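To start, the structure under review is shown below, and the notes come after it.
The values are calculated or read from the model by the stated rules, or taken from the named source; none is laboratory data. This one's a predicted model, so the numbers in the text were calculated from it and none came from an experiment. Here the Cβ positions follow ideal geometry from the backbone for every residue, glycine too, while neighbour counts run over all protein chains shown.
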Amino acid sequence: MNTLKVIELFSGIGTQRQGLKEVGVECYFEKENIYTFNGKGELLITIMSSLAQEESRSISESVTWGKRMQFSDSKVHFPYRNFLRYKKGANGKPEIIEEEAIIVKMIYCKFLEGKTGSWISSYLNNNKVKTPGGKDKWQKSTIDSILTNEKYKGDALLQKKFTVDFLEKKMKINEGEIPQYYVENNHPAIIDPIEWKEMQVEFERSEELGRNFSSKSIFSSKLVCEDCGGFYGQKVWHSTSKYRKFIWQFNNKFKDKDRRCKTPTLTTETIQMLFLNAYNRFMGNREQVIEDCELMRKEVIDFTKIDEQIAKQTKVIEDIAERVKRIVKENASTPQSQDRYLKKYNELSKSYEEEYKKLENL
C-alpha cells in the first residue's frame, strides 16, 4: 500500500488516532521521514491526507459517473457469485443453471402454497441445500430477497442502491434520490412474469400480517376473532396425557384481563364441519354459481376486442413509419426547403411516439 493511502486511512480514523496519541503510541513514515508526535509531522499528515481524500473523492466520482452512464444505457451487471442461479454464457449474457433454477422454482411454489420464508429456509437447511453464496445456512432474508427479485422473471432494476459516503463506502437504498432504470426481457426468465406478479401480491399480504402470518396449518392466518379482528391460533390441550388434542382459540384471549373476547374455543373437527356446512350452503345453487364463474372466466380471458385494437394501432404506426421513410427518401433525391422538411419530419416523429405509446398501453 502506498504512503498516501496509509496516511489517508490513518487520518480517517479520527478518535482512534487521538486515542493512540493519548496512550503514547507514535507512527513513523520512513519514506517521508514523518513522526506523528512532531508538530511539523502533524501538519504534513494533515496536508497529505487532504490530498489523498481529494484523490479518493475524484476516483469515486469518476467510477460513479461511469456506472450511471452504463445504467442509462441499460447495461446490466450480474452478481453471478451470489445469485441463485445464472451463469455467464458464451455471448456474455446470463444463462440459466437448470439444477439451481429448480431450487428457485421450489421456493416460489412453496410460498404460493402458503409456506412462510422461515419455513422455507428451515426446509432448505434440513435438506442441506447450499445458499446462493455457497453457505450451509439459509436465512429468511435470503428467501425474501429471492421472492422479490425481478431478475428471476427476466427483468433488471438498475441502481437499487447508491454510495452516500465515498470514504466509508456506505450504501443506501435508492428511494428516489437518483434515477433508476428498468430493463425488460434482459435475460431468460426462471419464473413466469405472471406468476412473479402473483407472488408479489401474496408477499405483500404476508408482510402486512407481519408476525401474525403463519403457515403451520391450513387454518393458520385464516380464522378471525369476531370481537376484535385478531387471528385464532392452534394450541395443544393435555399435551402429556392420553387426552391430548389440538384446539383453536384467539391468540390474545387471556392477555387483556379487563376485556376478554367472547369468541369460543374450537376443535379442528368443529372448524372442518362448519366449513363444510358453509360450503354446502354456498353450493346449494351450484348451477348458478358455475354459470357465474363461467361468465367471469369468459370476461377475463376474452381478448378479441383488444386484439382488434392492437391490430388497428399497429397499422397506424406502420403507416406513419412508411410516410417518414418516404419523405426522407424524397429529401435525399429532390432539392427542397430543409425547414419545411424538418418541420414535417418532426411532426411525423411526434405523431409516431404518441401512437406507439397507445400501442404499448394496449
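Pairing residues of segment 126-140 that are among the hydroxyl-bearing types (Ser, Thr, Tyr) with residues that are surrounded by 14 or more Cβ atoms within 10 Å (Cβ to Cβ), at Cβ distances under 7 Å and at least 6 apart in sequence or on separate chains, gives THR131/TRP138; THR131/THR142. Close Cβ contacts (under 9 Å, 6 or more residues apart or on different chains) running from residues in segment 39-50 that are modelled with pLDDT of 70 or more to residues that are acidic (Asp, Glu) and surrounded by 18 or more Cβ atoms within 10 Å (Cβ to Cβ) comprise MET48/GLU8; SER49/GLU8. Close contacts from segment 314-339, counting a first residue that is touching a residue at least 12 places away in the same chain (Cβ under 8 Å) and a second that is part of a helix (DSSP H, G or I) and hydrophobic (A, V, I, L, M, F, W, C), with Cβ to Cβ under 7 Å and a gap of 6+ residues or different chains, come to THR314/LEU359; ILE317/LEU359; ILE320/LEU348; ARG323/LEU348; VAL324/LEU348.
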